[in-house]
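Worksheet: the structure to be examined is printed underneath.
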Amino acid sequence: MKKILIFAGTTEGRKLSEYLAEAEINHTICVATEYGEILLRQHPFVKVHQGRMNQEQIERFLSNGKFDVVVDATHPFAKEITYNIQAALKEMGQIGISIPYLRLKRDGITERENGITYFETNEECVKALEDTEGNILLATGSKELYKYCVSERIKHRLYVRVLPSVESLSLCIEQGIYGKQVIAMQGPFTTEMNEAIIRQYEIAYLVTKESGVPGGYWEKINAAKRTGTKIFVIGCPEEGKGYYFSEICQKLEDMGGEKNRAKNQIKENMEIILAGIGMGHANGLTKEVERVISEADILLGAERMLKTVCSKAERHPFYQAEQIIPYLYDIRSGNLFEETLSEDTSMPCGNNKENKKVVILFSGDSGFYSGCQPLYEALEKEITEGHIKASLRILPGISSVAYLASCIGESYHDAAVYSIHGKKLYNLARRIKSSQKTFLITSGVKDINQLGELLIDAGMQKCEIITGFQLSYKEQRVERHTPLECMELKEEGLYTCFVKNPYAIQRRVTHGIADGQFIRDRVPMTKEEIREVSICKLRLKEKAVVYDIGSGTGSVAIEMAGISDDIQVYAVEQNREAVSLIEKNKKKFELQNVTVVESIAPEGLTGLPMATHAFIGGSGGRLKEILVSLRQINPNMRVVVNAVSMETICEMREILSIDDMIREEEVVQLQVSRAKKAGSYHLMQSENPVWICAFDFCDEEPEGKA
């Protein structure tokens, strides 16, 4: 048996070790850090050496271990260790000890993307960043952090994502990178995770290495593109001669004189395809989807979909990750590979094929309001971590919206498109009111009934609704209805609908509702000009979650919710009369994205979703308590406080003096005068002055209070 030594520093190195361990092949794997050792699973056929080695130490380690082959699976950017390995082997060769060297290459990037700025070195990237503004997400690791910290124009803008290891954190501390600037996390990271980090830290520039698929390169690039973040890439160095994963496995097999892969191939080789099948009828399949279904060994999906396709494959009604992944584990372990015979032939059926093709079916288009994406991410994670050995890809289908649009001769590129299939969509009436064309994916006839009722309640009886029932099936019907007729439909089935609103109104793009439009009664209300300035100071963003504390009539909550249907506002108010008014104003302005909480603050904030912003219009003398609670809920929250009374102004002044609690504070005092007619004259009448204080929380606890 050949003695194998692996120098690991990449995901492929760990996967190679797992591959050899499952084949019951003894080997030694070298990792640089204790953290790298933690990531490796304990196995009787694996010996782990932890610690960095220079050339001389590598020579001694090779000599003492009497290894027969060395696999270099270190990172392509880790040039020093590769040089030391090669130099050590060369020195040993000069004294007559020749050990084969195999370089494991990463699956790289075949073409370069437009809209990305490439640099050959970190130094060039640093120079370019000095001429920019905005926060920087450095996703190149900790080893070369010092190159970016030499520039004071860059250092204070850095948010560094590193491994949660003592070594990485120590390097950050050495360079003066502390607290919120350090994001210590272990990948792999999905596109959504990268996007959340970019949005959370308001990243303007992403800096990454061209590290290939296993390094999560595309997930970073796609997240940056979604958020409009500029991308700086350090180009991957030329690796020269080397072998990809499957080639390395073959080489080790040849050197060992054994058929290592023969033992594992059935268990490890799998092709997984997530396929959109359109409306469901076989005639709606794309040629490529039709082909992979005909070639499939195993078909998975909802029972309705499995019945519509023609294939000799095994069929199982699994369509959720928690069903599919355990099933794939069983395939991997060999539990599902007993030889079976097909019914019409004496030849073994597809189960004995070495390379299993698993096709998972999704209705409509796989990329359009589909469950395909979360399953893809779950499977990708399993594959990346080595739990499942498979390739993975997606094939699109024809969406119900595209199909219905073709049936009625309408375009959908200029229409609003929403799904209310199994989920709540806020402010649907308001959305339809401002769009001439709206396509809706529904859960069934009850959604159509509720749509008709919604349009009638909103005064949109003149809208025309076209329903597509059981599209592509023999029962298909495309019919026109009034909202009242929609309420009377009873036949259950699959519905997609189109709403035509010839009287659509243009939605205002700014806030600014006149005071007189609110239902007010005797409850105090933040006046129009104060309201608009306060909301501007909040700097709201899409999908913001806002607490309106001391909401009063709800005028500020209504204004904020009206800016975007994707903003969620929680109006917290203890006065019962005021709570009733907020509900009335919410109904008047058709805003379902306002939730009224009848309670005193800060107690009423318990259990609410974490806010990104807070407006405090009334504190009941508990301003400091409220702010402390808000900071505990989200230490990165943006807050605006309005103060009218001297007591609140004094309390606000005391809070502003606490340097370790808030930052970037801004205080504005406004006094509005309105012209009122007195005979033939217009006289200015002043209103009470209002103090507006806006700030962000400091997200680090003061020393001694952590």
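If you go through the range 312-325 and keep only what is farther than 24 Å from E377 by Cβ and free of Cβ contacts under 8 Å to residues at least 24 places away in the same chain, you end up with just R315. Among the listed residues A614, A675, identify the single one that is within 32 Å of the chain's Cα centre (by Cα), in the same structural domain as I567 (by TED's automatic domain parsing), part of a strand (DSSP E or B) and of a type in the set (G, A, S). None of the other options fit; the residue is A614.
Is it the case that some residue within the range 464-479 is surrounded by 15 or more Cβ atoms within 10 Å (Cβ to Cβ) and free of Cβ contacts under 8 Å to residues at least 24 places away in the same chain? Yes, the range 464-479 contains a residue that is surrounded by 15 or more Cβ atoms within 10 Å (Cβ to Cβ) and free of Cβ contacts under 8 Å to residues at least 24 places away in the same chain. No other residue among I466, I519, I535, I456 is in a strand (DSSP E or B) and not small (G, A, S) apart from I466. When the criteria are applied in full, G604 fails the requirement of being buried (at least 16 other Cβ atoms within 10 Å of the Cβ) and in contact (Cβ under 8 Å) with a residue 40 or more places away in the chain. Among the residues of the range 286-319, those identified as in contact with a strand residue (DSSP E or B) (Cβ under 6 Å, 6 or more places away or on another chain) and within 15 Å of S472 (Cβ to Cβ) are V289, M305. Restricting attention to the range 480-521, the residues that are surrounded by fewer than 12 Cβ atoms within 10 Å (Cβ to Cβ) and within 26 Å of S399 (Cα to Cα) total 3. Of the strands (runs of 3 or more DSSP E) lying entirely inside the range 154-230, the ones with 2 or more residues being surrounded by fewer than 20 Cβ atoms within 10 Å (Cβ to Cβ) and touching a strand residue (DSSP E or B) at 6+ places or on another chain (Cβ under 8 Å) are found at 182-184. Cβ-Cβ contacts under 9 Å between residues 6 or more apart (or on different chains), taken from a first residue in the range 530-542 that is more than 15 Å from G617 (Cβ to Cβ) to a second residue that is among the polar types (S, T, N, Q) and crowded, with 17+ Cβ neighbours inside 10 Å, are listed as L540/T612; K541/T612. Picking from residues in the range 384-403 that are part of a loop (DSSP other than H, G, I, E, B) and among the charged types (D, E, K, R), the one that is surrounded by the most Cβ atoms within 10 Å (Cβ to Cβ) is K389. When E130, E167, E210 are checked against the criterion of being more than 18 Å from the chain's Cα centre (by Cα) and under 24 Å from Y376 (Cα atoms), a single residue qualifies: E210. Residues in the range 287-325 that are assigned to a loop (DSSP other than H, G, I, E, B) and hydrophobic (A, V, I, L, M, F, W, C): A296, A302, V309, C310, A313, F318.
Looking across the range 538-565 at every residue that is hydroxyl-bearing (S, T, Y) and outside any helix (DSSP H, G or I), the one that is nearest to P602 (Cα to Cα) is identified as Y547.
For the range 404-416, the candidate set comprises residues that are hydrophobic (A, V, I, L, M, F, W, C) and surrounded by fewer than 19 Cβ atoms within 10 Å (Cβ to Cβ); within that set, the residue that is nearest to Q470 (Cα to Cα) is C407.
Selection of the range 640-669 for residues being in a strand (DSSP E or B) and of a type in the set (A, V, I, L, M) yields V640, V641, A643, I662, V667, V668. Within the range 324-349, if we keep just the residues that are under 29 Å from S370 (Cα atoms) and surrounded by 13 or more Cβ atoms within 10 Å (Cβ to Cβ), the residue that is modelled with the lowest pLDDT turns out to be L336. Restricting T10, T28 to residues that are modelled with pLDDT under 85, β-branched (V, I, T) and either in contact with a strand residue (DSSP E or B) (Cβ under 9 Å, 6 or more places away or on another chain) or surrounded by fewer than 18 Cβ atoms within 10 Å (Cβ to Cβ) (or both) narrows the list to T10. Can you say whether K357 is out of contact with any strand residue (DSSP E or B) (no Cβ under 8 Å at 6 or more places or on another chain) and modelled with pLDDT under 95, as far as the supplied structure shows? In short, no.
Among the residues of the range 361-383, those that are within 22 Å of E290 (Cα to Cα) and outside any loop (DSSP other than H, G, I, E, B) comprise L361, F362, G364, C372, Q373, L375, Y376.
The values are calculated or read from the model by the stated rules, or taken from the named source; none is laboratory data. These numbers come from a predicted model, not from an experiment. Reconstructed Cβ throughout: ideal geometry from the backbone, glycine too, with neighbour counts over all protein chains shown.
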